[in-house]
Amino acid sequence: MSKPDTRRPAPRFGDWLISKLCKPHIAEGLIGDLHEYYEALPQGKWSSKCRYWFQVFNVLRPFALRNGGFGKMAETSLVRYLFVFAMRGLWKQKLTTVLNVSGIALGLASCVFIGLYVLDELSYDRHWKDADRIFRMYNSLSYGEMESVAAFGNAPIADIFQKEFPQIEMAARTNFSPPLTFVINEKLHKETAVIYADQNLIPIFSFKAIHGNLEQGLTAPNTIVLTEELSTKLYGQQNPVGKVLTVNDGTSFKITAVIEDLPENSHLKFSALRTTINDRWSDPSKVPLLAYWTLSAYRVYVKLKPDVDPVELERDFERIYEHYFDPVTKAFSGQSWQEFIAEGNTYRYGLQPLKNIHLYSNFTFDGTSTGDIQYVLLFSSIGVLILAMAFINFINLTTAGAVNRIKEIAIKKVVGSSKSSLIWQFLLESLLVSWVGLVLAVGICYSLLPYFNLLAAKNFTDPLFNHHQMWLFSLVVTSGAALLAGIYPSIAISRGKPSQLLKPRKASSRGNVGLRQGLVVFQFTVSIILITGSLVINRQLEYGENQDVGYNRDRIIVVDEIDDLGPSQEAFRSRIIASKSISHGSMLENLPSDSWIRAIFMHEQQNKTLDGKVRAARLMVDQHMLATFDIKLTEGRNFSDNLIADSSAMIISESAVRALGLDEPIGATIRLTDGEEKAFTVIGVTEDFHLRSIHFPSIPICLIPTTTPRKMVFQFNANDVAAAKAEIEQVWAELAPDQVLQLDFINDRYKRLYQSEKQLKSVFNFFTYLALSISILGLFGISSLVIGQRTKETGVRKVLGASVTQLVLLLNFHLTRPILLALILGIPASYLLMDKWLSSYAYKIEIGIIALLAPALFCLLLAWLVITFHTLNSARQNPADTLKYE
Amino acid sequence: MRHGVLGEFEELVLLIIAMQGGESYGLAVRNEIAKQLKRKATIGAVHATIARLEKKGMVKTYMGDPTNARGGRRKRLINITKAGHNALAQSRDLKLSLWSQIPSLKPDSGSFNYE
């Protein structure tokens, strides 16, 4: 306490608390002592604060407290007795207490998990500095029948927009880079997540350098910026800046900087940035003009100057389109920009806020985002529903159980207990139950977190004490709900007159029962909807995964990056197909299952009409492709073995024939308008097959021969997977010993297309059955209480001659009425909801009567089982025992 | 509450109050206990004890003058009363008398010899 004036004073709240709670003549001395104590502690430390607060609460002792209020309660030990009574009450109704506690624990734990998931989804890209000013440009095009919105722009537009619009502070492009295999100390490291980037990307996203200088990060050719993770992978703890990173294709990079790793909740994902100067497509001197202007492969990010209105800026964009795009439309379709627009076509750029990319991006072509605001909403509502169901149990069991406590309350009232102390007793009971539930929920959260991470494909480390403040949420929600749940029974019961309360069987009023049954109806309606939902979703996804894609996809192995084989590609292929386990092999540029295939146009020139412009996908293949994939030709012929002679031949799919409106497809001339200037002649027609997820209807497909294949596919004979794989590995090791073999199954690639839906499915299933078990728990509790209250009635009925069956049926009917009502509400509701969900699929299942009825009947059956457990017990009791229980 | 009888902690606090003369107050007593006895008492415990001693009439408390320290708050100073002094003396005399009646004590080893 040498220099008291320079130190920070103790928290004000402590002073206030003591001055309010303590006798005034004692308070001043205490506050002074506490300040002096706090000032002597090490400054600014968390532990000091803790010690201070410990002392503050320790000071609140009877000698110091004011009379009245809290002080008086403490003096008369009322609080202690409240606790004693609450504990006794809870102990007396063990079953109810256990059900309540476990229901709350389950409900809260799932709510915490769902909350984590939802908040994490919502937090995407919000952490960047100036995130409000960063936008991604998107391109929307409508041309003839084709409509598309893509998160991509052309190579030149970043510079153009930056030059033309002073509102844009800077603009930068990124582009996918082919995978790079780095050579370090003669070891190979394959890196797939490298992207091309302009220097400006660094200031736009304010990446932070760990080593090196970011100002010159990507300004020179052959420069690369690594993330910390990749740098550690390649160089360990060394500072790699200035080193030369060699790639196995002979090129090399100079490492200019190492930046901090990207947070997981970022839509940008890369392990290294390489300069766009080396990207052939960004250089107008190296690619055809039309391709330079129409190949939309770049993501363009812009940072606006502060206070620029993006909507106004978008409108402003219009003024430059004609100037820049007129030459493009002329080269593309012979029309001027004016004519292009006059035909009703549009081509324009827009700004998508950075924060919306993860959840709201619903472009035709995007390629990154995995989130969906629909799922976020879906899960939020499931979370709220589950919590609601848990607390409905709580309310129901408390109100139903309170009837059994009427005598206790009445006696207390007669003895002179005040209404407020009775209310306090009930509230305290419900708070106790909910807090015990909270403690259990915390346990569940921590122990199940790894499984939840697997389920949701997330990477949470701490469920409660993270930046989302879930602990606060849990505490507030639990205590708030406990008060809500406790307040109704406490007021309802404590209000009655003791004379009425002591009269047996009068207190369970009709309204009370009505509310209870209403809540049970709600619970089961929700359960039925959720189960139907999970059933339909499962079946639809299974349908999608197993749907016939029109080609054989079960028995195909893919070998990527066959460039690595150099000149021995054909040798590789022929050696492998010679083996017993493999029947066909083909070389191609792109696979039907690759989720990203550039859409192009094709039109038919034969009749000199330009109406036949059709959006289609182009597969670059060889003459073995059809055999390898088991795709049948319906007309015409396959490519000949001399691919060069067939270099202007084309095979199209039936849907392309239909889309083009060709009567006589064989011999038709078709031109592609994506930079390839030459025309193709159709030589064959194939059956339709799907390219991607069946969310999309099948697009017309054309196959053209390639001389620069990048992948090889092999069809292996069933049951020979291991042998086929071993064979390929062995031949690869012989022919390309220095290269990494990349082997994959087409089925696995296909499965990856459904990844996000599969996750949705498993998370949804999990919470569905959780919700069901919560409502069953509740029903179990309620039926035990209700039947307990009717023990005397059953006894009398039995004495008068009712059989066990009759009694069970009577009690069951009474208890199943709310479930029946839930069926009536739940079935149509689930039909409507699922019908809406399915409408987003191009190919979908019928919901079917079974999917609707089965969950409802399942719920009913389960409810009956649970109820019968109690009713049978009660009906089989000897009336002599039941009637003497008073 | 038996008047005139001191508990163990009460006696300690009272001794320290006496020792510190008129300058004694809650935190000072606590710090002295920490220093001399290596024993951690909470501020609350010390103040409660002082309140009890006051009730027994062994100390008197009064508010000191405000100073710049402690945010200008006054200290609650403690003075031992005659009754407090008597109680301490009584307790000491009683203990000394008991000590003198222990049959044989080996002063060098500090342990008792029961032979």
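The values are calculated or read from the model by the stated rules, or taken from the named source; none is laboratory data. On a predicted model such as this, the values are computed, not experimentally measured, just so you know. Cβ placement follows ideal geometry from the backbone for every residue including glycine, while neighbour counts extend to all protein chains displayed.
Summary table below
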quantity	calculated
Total residues in region A:22-52, condition in a helix (DSSP H, G or I), modelled with pLDDT of 80 or more and more than 12 Å from chain B (Cβ to nearest Cβ)	4
Boolean, B:GLY57 is within 14 Å of another protein chain (Cβ to nearest Cβ) and either among the small types (Gly, Ala, Ser) or part of a helix (DSSP H, G or I) (or both)	no
In region B:69-89, residue farthest from B:GLU8 (Cα to Cα) [restricted to those that are facing another protein chain (nearest Cβ under 7 Å) and without any contact (Cβ under 8 Å) to a residue 24 or more places away in the chain]	B:GLY71
Close pairs (7 angstrom Cβ cut-off, 6 or more residues apart or separate chains): of a type in the set (Lys, Arg) in region A:39-59, modelled with pLDDT of 80 or more anywhere	A:ARG51/A:LEU41
All positions within region A:212-245 that are under 9 Å from A:ALA257 (Cβ atoms), of a type outside the set (Val, Ile, Thr) and at pLDDT 90 or above	A:LEU226
Positions within region A:382-440 being modelled with pLDDT of 85 or more and of a type in the set (Asp, Glu), in sequence order	none
Residue in region A:203-240 that is farthest from A:SER282 (Cα to Cα), counting only those that are outside any strand (DSSP E or B), without any contact (Cβ under 8 Å) to a residue 60 or more places away in the chain and aliphatic (A, V, I, L, M)	A:LEU234
Number of positions in region A:542-578 that are of a type outside the set (Val, Ile, Thr) and either in contact with a strand residue (DSSP E or B) (Cβ under 9 Å, 6 or more places away or on another chain) or not in a helix (DSSP H, G or I) (or both)	18
Region A:102-138, residues that are closer than 30 Å to A:ILE168 by Cβ and surrounded by fewer than 21 Cβ atoms within 10 Å (Cβ to Cβ)	A:LEU122, A:SER123, A:ARG126, A:HIS127, A:TRP128, A:LYS129, A:ASP130, A:ALA131, A:ASP132, A:ARG133
Candidates A:LEU535, A:LEU530, A:LEU501, filtered to the one that is modelled with pLDDT under 70 and crowded, with 21+ Cβ neighbours inside 10 Å	A:LEU501
Scan of region A:785-833 for residues that are in a helix (DSSP H, G or I) and basic (Lys, Arg), ordered by number	A:LYS792, A:ARG797, A:LYS798, A:ARG817
Residue satisfying all of: in region A:242-253; surrounded by fewer than 21 Cβ atoms within 10 Å (Cβ to Cβ) and not in a loop (DSSP other than H, G, I, E, B); nearest to the chain's Cα centre (by Cα) among these	A:VAL247
Criterion: assigned by TED's automatic domain parsing to the domain that holds A:ALA151 and over 37 Å from the mean Cα position of the chain (by Cα) - qualifying residue of A:ASN239, A:ASN278, A:ASN213, A:ASN222	A:ASN222
Meets criteria (touching a Gly at 6+ places or on another chain (Cβ under 6 Å) and either within 9 Å of chain A (Cβ to nearest Cβ) or closer than 23 Å to A:PRO62 by Cβ (or both)) for B:ARG30	no
Residue within region A:651-672 that is at pLDDT 75 or above, in contact with a helix residue (DSSP H, G or I) (Cβ under 9 Å, 6 or more places away or on another chain) and closer than 27 Å to A:ARG752 by Cα present	yes
Qualifying residue in region B:34-46 (condition: under 14 Å from the mean Cα position of the chain (by Cα), hydrophobic (A, V, I, L, M, F, W, C) and at the interface with chain A (Cβ under 9 Å from one of its Cβ atoms))	yes
In region A:295-321, the residues that are within 20 Å of A:SER148 (Cα to Cα) and either free of Cβ contacts under 8 Å to residues at least 24 places away in the same chain or of a type in the set (A, V, I, L, M, F, W, C) (or both)	A:LEU295, A:ALA297, A:VAL300, A:ARG315, A:PHE317
Tally of residues being closer than 26 Å to A:PRO567 by Cβ and either without any contact (Cβ under 8 Å) to a residue 60 or more places away in the chain or not β-branched (Val, Ile, Thr) (or both) across region A:733-761	11
